[in-house]
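*Asks:* Sharing a structure below in structure tokens format, with a few things to ask.
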Amino acid sequence: MAAILIVDDERPILELVKNGLQKDGHFVTTYTSAAEVPLDKLNNYDLIILDIMMPDIDGFSYCNKIRSLVDCPILFITAKTQEVDIVQGLTYGADDYICKPFGVKELQARVAAHLRREHRERHHKLLIGNI
């Protein structure tokens, strides 16, 4: 299955998401602060889930910072539900935006959909030399 990184400062949400994704067989790494995540390890993950409202660095800034470092899907899970926030998150490089409260089954389905899409894209690339 997939290696997934979750960053959320709310431990109950972090545990809920972690447990739901582990039930689907994923390997989940969690942090309560984006500042703790080693940047050189980001490419080890197949998918990243971020909260937006975190104390050290907010999810928007962190997503914007790491988007050029990773190709994997980035999903926001957040209590920020205004359209302007959703647009900002997607503009900063997120692939999906899930508003709290959310259902674990919906989260599992969205994660599975993003991972399927990534799997399809990887198998349709053909490289010949520098082309």
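*Asks:* What are the ³J(HN,Hα) couplings of the range 8-24, residue after residue, when phi is run through the Karplus curve with 6.51, -1.76, 1.60 and θ = phi - 60°? Round to Hz, x for glycine and proline.
*Replies:* For the range 8-24, the Karplus curve yields 7, 7, 8, 4, x, 5, 4, 5, 4, 5, 4, 4, x, 6, 5, 4, 8 Hz.
*Asks:* Report the full-extension gain for the segment residue 83 to residue 117: residue separation times 0.36 nm, less the Cα-Cα distance, to one decimal in nm. Provide the component values of the computation, followed by the final result.
*Replies:* Values: separation 34, 0.36 × 34 = 12.24 nm, distance 2.52 nm.
Separation in residues times 0.36 nm, less the Cα-Cα distance, equals 9.7 nm.
*Asks:* Picking from 84, 32, 68, whose Cα lies most toward the positive end of the charge dipole for the chain (charges on Cβ: Lys, Arg +1; Asp, Glu -1)?
*Replies:* Value computed over the given set: 68.
*Asks:* Check which residues have an amide H placed less than 5 Å from residue 28's amide H, if you skip close sequence neighbours.
*Replies:* Here the answer is 4, since their amide H atoms fall under 5 Å of that of residue 28.
*Asks:* Given contacts defined as C-alpha pairs under 8 Å and at least six residues apart, what's the relative contact order of the chain, whole-number percent?
*Replies:* Details: 194 pairs, mean separation 28.4, N = 131.
Relative contact order of the chain: 22 percent.
*Asks:* In the full protein assembly as shown, how much of residue 63 is accessible to a 1.4 Å probe, in Å² to the nearest 10?
*Replies:* Approximately 0 Å² of residue 63 is accessible to the 1.4 Å probe.
*Asks:* Which lysines, if any, have their Cα less than 20 Å from the Cα of residue 41, not counting same-chain residues under 8 positions apart?
*Replies:* Filter leaves 18, 65.
*Asks:* Using a 1.4 Å probe on the protein heavy atoms, what percent of the accessible area of the chain belongs to carbon and sulfur? Please list the in-between numbers first.
*Replies:* Details: 3910 of 7500 Å².
Solvent-exposed carbon and sulfur of the chain make up 52 percent of the total.
*Asks:* Let me ask you something else. Can you compute 3J(HN,Hα) from phi for each residue in the range 42-55, using the Karplus curve 6.51 cos²θ - 1.76 cosθ + 1.60 with θ = phi - 60°, rounded to whole Hz and x for Gly and Pro?
*Replies:* 4, 6, 7, 9, 8, 7, 10, 10, 10, 7, 9, 8, 10, x
*Asks:* Karplus couplings for the range 95-106 from phi (6.51 cos²θ - 1.76 cosθ + 1.60, θ = phi - 60°), rounded to Hz, Gly and Pro as x?
*Replies:* Result, ordered by residue: 9, 7, 9, 10, 8, 7, x, 9, x, 4, 4, 5 Hz.
*Asks:* OK, next. 5 Å is the cut-off here: which amide hydrogens, built 1.01 Å from N in the peptide plane, fall below it relative to residue 57, excluding neighbours closer than 5 in sequence?
*Replies:* Distant-sequence amide H within range of residue 57: 34, 35.
*Asks:* Taking the solvent-accessible surface of protein heavy atoms with a 1.4 Å probe, what is the per residue accessible area of the chain in Å²? Don't jump to the answer; show the numbers that get you there.
*Replies:* On the way: 7500 Å² over 131 residues.
Accessible area per residue, the chain: 57 Å².
*Asks:* Run the dipole for the chain about the Cα centre, Lys and Arg Cβ at +1, Asp and Glu Cβ at -1, nothing else charged, and hand back the magnitude in debye, nearest 20.
*Replies:* For the chain, the charge dipole is close to 500 debye.
*Asks:* In the set (1) 15.1; (2) 14.1; (3) 16.1, which value of Kirkwood radius over Cα pairs in Å was calculated from the structure you see?
*Replies:* Checked against the structure: label (1).
*Asks:* 5 Å is the cut-off here: which amide hydrogens, built 1.01 Å from N in the peptide plane, fall below it relative to residue 98, excluding neighbours closer than 5 in sequence?
*Replies:* Close amide H contacts, sequence-distant or interchain: 76, 77, 78.
*Asks:* Between residue 99 and residue 31, what length comes free when the chain is fully extended (0.36 nm per residue of separation minus the Cα-Cα distance, one decimal in nm)? Before the final figure, lay out the partial values.
*Replies:* On the way: separation 68, 0.36 × 68 = 24.48 nm, distance 1.97 nm.
That pair, residue 99 and residue 31, stretches by 22.5 nm at full extension.
The values are calculated or read from the model by the stated rules, or taken from the named source; none is laboratory data. Computed from a predicted structure; not experimentally measured. Backbone-built Cβ (ideal geometry, glycine too); neighbour counts: all protein chains shown. Heads up: the accessible areas ignore ligands, DNA and RNA and are worked out on the full protein's heavy atoms, side chains in. Shrake-Rupley method; radii C 1.70, N 1.55, O 1.52, S 1.80 Å.
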